[in-house]
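Peer 1: For reference, the structure I am asking about is given below.
The values are calculated or read from the model by the stated rules, or taken from the named source; none is laboratory data. None of the values given here were measured: they were computed from a predicted structure. Because the Cβ atoms are built from the backbone with ideal geometry, glycine has one as well, and the counts that use them run over all protein chains shown.
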Amino acid sequence: MKVTFLGAAHEVTGSCHFIETKSEKILFDCGMFQGGQFNEEKNHEDFGFDPASLDAVVVSHAHLDHTGRIPKLVRDGFRGPIYGTDGTLELAALIWKDAYHIMKYNNKKTGDPVLYTEEDVQRAMLQCHAQPYRKPFSIGSATVVLKDAGHIFGSSFIELTADGKTIGFSGDMGNEHVPILQDSEKLSPVDLLICESTYGDRLHENEKMRKDILLDLVKEGVARGGTIMMPAFSLERTQEILYMLDEMAEEDKTLPRFPIFLDSPLAIDALPTYTKYTEYYDVDAKEKHMAGNDFFKFKQLTITRTVEESKTINTAPTPKMIIAGSGMMNGGRIMHHAMRYLSDPKSTLIIVGYQAQGTLGRKLYEGATHVRIFHEDIAVHCTIKAIGALSAHGDQQKMLDWIGSAGVAPKKICFVHGEESAATVLAQKAQEQYGVKTVVPAFGESVEVE
Ligand SMILES: [Zn+2]
């Protein structure tokens, strides 16, 4: 067996790994490259293989940087099955439709080309075949199992056995004890592990402090009296934050009652999927659900689905909070709020997720004093805060523990889905701890499974 790395190599986005067994060609993920542009030029290039020759695609989870190029794969001739959990495939369809609308909007505004049509999205949806966790299924001579990665709703890591060897692919590995989701499962013994390394060089704040840190930042933001902007990934981060805000409102009666706007059509559209597959909930979320507590509905929360509803946020009195996508501020409604409130010294920006190089979110995180949004120069005067513990990804310790969870270390590990520095640090740590061979593959590099 051989793996060729065709995305998320020395970077976080564009996850795409091409597996060749003796008789099958299988793709793990087919995500969009994302940086300064919502739809980077690289997405338009050829895949590096013939999509028509692929036997199947297996998707780890719905996030755009793992599924965003699938409709393009279909446009370019792929007609085989797309496998993932029911949660993943249902959310991926929402992601594709949302991405199409953002690309269409950007095309009108800036002339950026659109990557696929609505028909390609429809066709991709027809090629989806859901698979439950832990139940092996076949792709020709290969056997595949999906296990819970605890990263987002329906997320999995993948184990594929063929030609007498097993490859593991972490997908994105969840943080510890996140709200709503169950913890990630243990890895099986594998010959080759393809492992993410987003936070390979960092440790998050203690997860037990997560809610307290959020509560403090929200209280400070409210005290400043302006608008609290929270750019959040529409899938998972947004729902977890709503869950925590609902809990905070119940538990802390001293918290002022300020309005919270959920201004993300994709996050709003994803809510029914969350309430449909309650078997994915962890114990606490299940208990709340059984007791009739709908944690996505509470008094302070206003859902603004339409553009007209969204515009009413502008005139709502402060303090107020807006949760909007995209999570890395390279598109979506958060851009309009950023144009309005970044220059307001009373306002606050709370960054809750990974910010890729080149994105507006990264520039602000690194302290930019001036930014450009839709060709306008904006001075930054608001307060900017970041919380690592709210990240959807495990940190260095979590990744090392998960690698060791099989009991037997993998024979070789290829570190992907991380900036080169983060991937290299995690590779060194894994080598020291488990005496395992490690590789940080470059784009286009192939590795044989030994
Ligand atoms: Zn992800």
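Peer 1: Which residue out of E185, E176 is under 17 Å from the mean Cα position of the chain (by Cα), more than 18 Å from I82 (Cα to Cα) and surrounded by fewer than 22 Cβ atoms within 10 Å (Cβ to Cβ)?
Peer 2: Going through E185, E176 in turn, the sole match is E176.
Rundown of residues vs (1) outside any loop (DSSP other than H, G, I, E, B); (2) modelled with pLDDT of 95 or more, yes/no style:
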{"position": "A356", "(1), (2)": "no, no"}
{"position": "A368", "(1), (2)": "no, yes"}
{"position": "D377", "(1), (2)": "yes, yes"}
{"position": "H381", "(1), (2)": "no, yes"}
{"position": "A409", "(1), (2)": "no, no"}
{"position": "I413", "(1), (2)": "yes, yes"}
{"position": "A422", "(1), (2)": "yes, yes"}
{"position": "A427", "(1), (2)": "yes, yes"}
{"position": "Q433", "(1), (2)": "yes, yes"}
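Peer 1: I'd like the full set of residues that are away from the ligand (no atom under 16 Å from the Cβ), in contact with an Asp or Glu (Cβ under 8 Å, 6 or more places away or on another chain) and either more than 21 Å from R79 (Cβ to Cβ) or of a type in the set (D, E, K, R) (or both), limited to the range 23-37.
Peer 2: Once the filter is applied, which keeps residues that are away from the ligand (no atom under 16 Å from the Cβ), in contact with an Asp or Glu (Cβ under 8 Å, 6 or more places away or on another chain) and either more than 21 Å from R79 (Cβ to Cβ) or of a type in the set (D, E, K, R) (or both), the range 23-37 yields E24, K25, Q37.
Peer 1: If you don't mind, another one. For the range 195-204, does any single residue satisfy the condition of being under 30 Å from T21 (Cβ atoms) and either aromatic (F, W, Y) or part of a strand (DSSP E or B) (or both)?
Peer 2: yes
Peer 1: Could you check the range 165-184 and list, in sequence order, the residues that are part of a loop (DSSP other than H, G, I, E, B) and in contact with a Phe, Trp or Tyr (Cβ under 8 Å, 6 or more places away or on another chain)?
Peer 2: Scanning the range 165-184 gives S170, G171, M173, P179, I180, Q182, S184.
Peer 1: Here's something else I'd like to know. Please list, ordered by residue number, the strands (runs of 3 or more DSSP E) wholly in the range 53-159 having 1 or more residues that are within 22 Å of the chain's Cα centre (by Cα), closer than 27 Å to T198 by Cβ and away from the ligand (no atom under 16 Å from the Cβ).
Peer 2: Answer list for the range 53-159: 56-58, 82-84, 128-130, 142-148.
Peer 1: Which residues, taken from the range 160-192, are polar (S, T, N, Q) and either free of Cβ contacts under 8 Å to residues at least 40 places away in the same chain or within 14 Å of the ligand (Cβ to nearest atom) (or both)?
Peer 2: If the condition is that a residue be polar (S, T, N, Q) and either free of Cβ contacts under 8 Å to residues at least 40 places away in the same chain or within 14 Å of the ligand (Cβ to nearest atom) (or both), then T161, T166, S170, N175, S184 are the ones that fit.
Peer 1: May I ask you to say which residue of E24, E40, E20 is farther than 24 Å from L193 by Cβ and assigned by TED's automatic domain parsing to the domain that holds G154?
Peer 2: Answer to the check: E40.
Peer 1: Let me ask something else about it. Just wondering, is there one or more residues in the range 226-238 that are crowded, with 18+ Cβ neighbours inside 10 Å, over 30 Å from G164 (Cα atoms), at pLDDT below 90 and of a type in the set (D, E)?
Peer 2: yes
Peer 1: Hey, can you tell me all the residues within the range 279-295 that are exposed (fewer than 15 other Cβ atoms within 10 Å of the Cβ) and touching a Lys or Arg at 6+ places or on another chain (Cβ under 9 Å)?
Peer 2: Those that are exposed (fewer than 15 other Cβ atoms within 10 Å of the Cβ) and touching a Lys or Arg at 6+ places or on another chain (Cβ under 9 Å): E279, D294.
Peer 1: I've got another one for you. Give me the pairs: first residue in the range 359-378 and acidic (D, E), second residue assigned to a strand (DSSP E or B), beta-carbon distance under 7 Å, and six or more apart or on different chains, which are they?
Peer 2: D377/H370
A quick yes/no check of all residues on (1) crowded, with 23+ Cβ neighbours inside 10 Å; (2) within 26 Å of G353 (Cβ to Cβ); (3) touching a helix residue (DSSP H, G or I) at 6+ places or on another chain (Cβ under 9 Å):
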residue	(1), (2), (3)
F78	yes, no, yes
G87	yes, yes, yes
E90	no, yes, yes
M103	no, yes, no
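Peer 1: Does E220 meet the test of being touching a residue at least 24 places away in the same chain (Cβ under 8 Å), surrounded by 15 or more Cβ atoms within 10 Å (Cβ to Cβ) and charged (D, E, K, R)?
Peer 2: Spelling it out, it is not the case that E220 is touching a residue at least 24 places away in the same chain (Cβ under 8 Å), surrounded by 15 or more Cβ atoms within 10 Å (Cβ to Cβ) and charged (D, E, K, R).
Peer 1: I would also like to ask the following. Collect the residues in the range 72-95 that are over 22 Å from A149 (Cα atoms) and in contact with a Ser or Thr (Cβ under 8 Å, 6 or more places away or on another chain), keeping them in residue-number order.
Peer 2: Result: R75, single match.
Peer 1: Of the residues that make up the range 128-151, is at least one over 30 Å from M209 (Cα atoms) and in contact with a helix residue (DSSP H, G or I) (Cβ under 7 Å, 6 or more places away or on another chain)?
Peer 2: yes
Peer 1: Could you tell me which of the residues D212, D191 is in the same structural domain as Y341 (by TED's automatic domain parsing) and farther than 23 Å from I95 by Cα?
Peer 2: D212
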